[in-house]
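This report refers to the structure that appears directly beneath it.
The values are calculated or read from the model by the stated rules, or taken from the named source; none is laboratory data. All values reported here derive from a predicted model rather than from experimental measurement. All Cβ positions, even for glycine, are placed from backbone atoms using ideal geometry, and neighbour counts span all protein chains on display.
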Amino acid sequence: MEPFKNKVWLSSPTMHGDEQKWVNDAFEKNWVSTVGENINVIEKEIANFIGVEEAVALSSGTAALHMAVKLAGEKLYGRPKVGDGTLKGKKVFCSDMTFAATVNPVVYEGGEPVFIDIELDTWNMDPEALKKAFEIFPDVKLVVLAHLYGTPAKIDEIREICDEHNALLIEDAAESLGATYKGKQTGAFGDVSIISFNGNKIITGSSGGMLLAKSKDDAAKVRKWSTQSRETAPWYQHEELGYNYRMSNIIAGVVRGQLPYLKDHIRQKKDIFEYYKQELKGLPIELNPFNEEHSLPNYWLSCLKIKPEYISSMITNDYEAFYKKEMGKSCPSEILDAIANINAEGRPIWKPMHLQPIYQANEFITTGSGWANGDDVFKCGLCLPSDNKMSKEEQDVIISAIKKCFE
């Protein structure tokens with residue numbers, strides 16, 4: 001099987017030309033700082049699209065998460081002493097299967113993440129495990145939830161559990177912009193939420209993110225913090241800790257040019273997902289699941305999970321994987337190697353946080369006994385090339401390479 005001449009990426013930026021128009025506009029008007037029309041426009045457009053009071057444009061999704069955690073911590077526990085985090089010594093319930101950026105801001109603010117296992121219907125935080133976590137740690141007042149790979153979690157159940165325990169909910173919708181649950185946009189369920197415009201997201205600014213706020217006061221506070229917490233005095237007056245987190249007007253120009261194409265990107269990603277589902281039907285695998293009655297994902301990444309009984313012999317450590325070829329069976333490492341050999345990009349599933357060396361000492365809550373659901377998905381799953389510029393012919397070659405792994 002001949003490798004592709006041009007690499008097929010996991011999920012790369014798709015530019016349309018409008019992005020350059022608004023970047024040029026920033027240059028022509030000399031708004032090349034962290035203020036300008038592009039920022040103002042995308043904040044209003046995103047707030048209206050998601051259905052929240054305000055959106056605050058920031059330098060990254062991680063910066064937005066940090067500000068969300070700080071905001072929630074201050075609401076719960078008050079303003080800390082300078083040098084202390086708002087969550088100092090407090091436990092926080094966090095999604096276990098996610099990128100580390102979801103969790104790290106809790107630690108930035110002095111908190112202690114407690115990881116909640118996934119359920120297998122959506123690969124997101126398990127509401128039953130969250131209930132169990134509150135039984136074990138009833139004093140916890142903050143939950144950080146991520147929607148994995150663009151698929152909404154069982155958000156109404158999780159929201160109800162949080163409300164029962166007077167806990168705030170931070171919704172990490174970095175991967176799920178445009179996805180809906182019961183007709184409502186992800187990012188609209190949390191007490192504070194975030195989205196990301198990182199280079200591989202459904203729409204991009206090359207970088208950047210947004211905090212989604214439910215009040216003008218919350219948005220004003222985050223805008224202040226993100227511009228070094230300068231007070232309204234005629235000189236540089238600072239009464240609390242600040243950060244350099246505001247989005248550039250140039251990055252905002254790229255986002256402004258991308259926004260009109262969000263629905264097109266979702267449709268293209270859905271076509272990729274459906275074609276994988278159709279053409280891989282005979283294999284002992286499943287694609288990342290979702291509740292078809294309630295959820296409409298944005299299909300950001302198509303992921304594949306091999307049925308456990310069809311996993312070939314495999315040994316892994318923290319840095320390497322070794323596998324043995326077995327007829328009728330395969331494993332994520334073999335499929336990823338096969339994809340790489342044809343000059344395409346796949347990725348492993350996010351390694352659960354409770355398995356990460358940095359967080360192995362943290363509490364982990366699962367409803368199962370022994371093997372966790374997240375461990376199973378990580379061991380058996382991978383992310384497939386999902387670039388919306390990929391042709392049907394290229395996808396056919398990738399599918400053939402996957403099938404050969406089971407021969």
Check: If we keep just the residues of the range 157-208 that are among the acidic types (Asp, Glu) and out of contact with any His (no Cβ under 8 Å at 6 or more places or on another chain), which is surrounded by the most Cβ atoms within 10 Å (Cβ to Cβ)?
Finding: 191
Notebook entry, point to check: Residue check, residue 233 against (1) assigned to a strand (DSSP E or B); (2) surrounded by fewer than 22 Cβ atoms within 10 Å (Cβ to Cβ); (3) not hydroxyl-bearing (Ser, Thr, Tyr), all met but one. Which one?
Noted result: (1)
Check: residue 371 passes all but one of (1) modelled with pLDDT of 95 or more; (2) within 28 Å of residue 92 (Cα to Cα); (3) of a type in the set (Phe, Trp, Tyr); (4) part of a loop (DSSP other than H, G, I, E, B); which number fails?
Finding: (1)
Check: In the range 292-303, which residues are farther than 16 Å from residue 270 by Cβ and of a type outside the set (Asp, Glu)?
Finding: 294
Check: Restricted to the range 304-341, and to residues that are at pLDDT below 90 and under 24 Å from the mean Cα position of the chain (by Cα), which residue is surrounded by the most Cβ atoms within 10 Å (Cβ to Cβ)?
Finding: 318
Notebook entry, point to check: Can you name the residue in the range 264-303 that is of a type in the set (A, V, I, L, M) and more than 20 Å from the chain's Cα centre (by Cα) and, of all such residues, is farthest from residue 177 (Cα to Cα)?
Noted result: 283
Check: Restricting the search to the range 218-230, which residues are surrounded by 14 or more Cβ atoms within 10 Å (Cβ to Cβ) and of a type in the set (Gly, Ala, Ser)?
Finding: 219, 226, 229
Note to self: Being within 21 Å of the chain's Cα centre (by Cα) and in the same structural domain as residue 75 (by TED's automatic domain parsing) is the requirement here; does residue 227 meet it?
What the structure shows: no
Note to self: Which residue is nearest to the chain's Cα centre (by Cα), if the candidates are limited to the range 342-368 and must be within 21 Å of residue 307 (Cα to Cα) and of a type in the set (Ser, Thr, Tyr)?
What the structure shows: 366
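Each row is one residue, and each column tells you yes or no for (1) under 16 Å from residue 130 (Cα atoms); (2) out of contact with any His (no Cβ under 6 Å at 6 or more places or on another chain).
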site: 344; (1), (2): no, yes
site: 359; (1), (2): no, yes
site: 365; (1), (2): yes, yes
site: 368; (1), (2): yes, yes
site: 372; (1), (2): yes, yes
site: 381; (1), (2): no, yes
site: 388; (1), (2): no, no
Notebook entry, point to check: How many residues, within the range 127-149, are closer than 30 Å to residue 273 by Cβ and in contact with a Lys or Arg (Cβ under 8 Å, 6 or more places away or on another chain)?
Noted result: 1
Check: Scanning the range 146-156 for residues that are in a helix (DSSP H, G or I) and in contact with an Asp or Glu (Cβ under 9 Å, 6 or more places away or on another chain), which turns out farthest from residue 198 (Cα to Cα)?
Finding: 155
Check: Considering only the range 157-167, how many residues are outside any loop (DSSP other than H, G, I, E, B) and either hydroxyl-bearing (Ser, Thr, Tyr) or over 19 Å from the mean Cα position of the chain (by Cα) (or both)?
Finding: 6
Check: Residues of the range 99-118 being among the aliphatic types (A, V, I, L, M) and under 19 Å from residue 176 (Cα atoms), which ones?
Finding: 100, 101, 103, 118
Notebook entry, point to check: From 328, 381, 346, which residue is over 22 Å from residue 102 (Cα atoms) and not hydroxyl-bearing (Ser, Thr, Tyr)?
Noted result: 328
Note to self: If I filter the range 135-152 down to residues being of a type outside the set (D, E, K, R) and free of Cβ contacts under 8 Å to residues at least 40 places away in the same chain, which single residue comes out as nearest to residue 99 (Cα to Cα)?
What the structure shows: 147
Next item on the list: Please state which of the following conditions residue 11 fails to meet, knowing it meets all the rest: (1) in a helix (DSSP H, G or I); (2) hydroxyl-bearing (Ser, Thr, Tyr); (3) not assigned by TED's automatic domain parsing to the domain that holds residue 113.
Entry: (1)
Checklist line | So residue 296, is it within 30 Å of residue 93 (Cα to Cα) and in contact with a helix residue (DSSP H, G or I) (Cβ under 7 Å, 6 or more places away or on another chain) | finding: no
Note to self: With the requirement that a residue be among the hydrophobic types (A, V, I, L, M, F, W, C) and buried (at least 21 other Cβ atoms within 10 Å of the Cβ), what does the range 342-362 give you?
What the structure shows: 344, 349, 350, 353
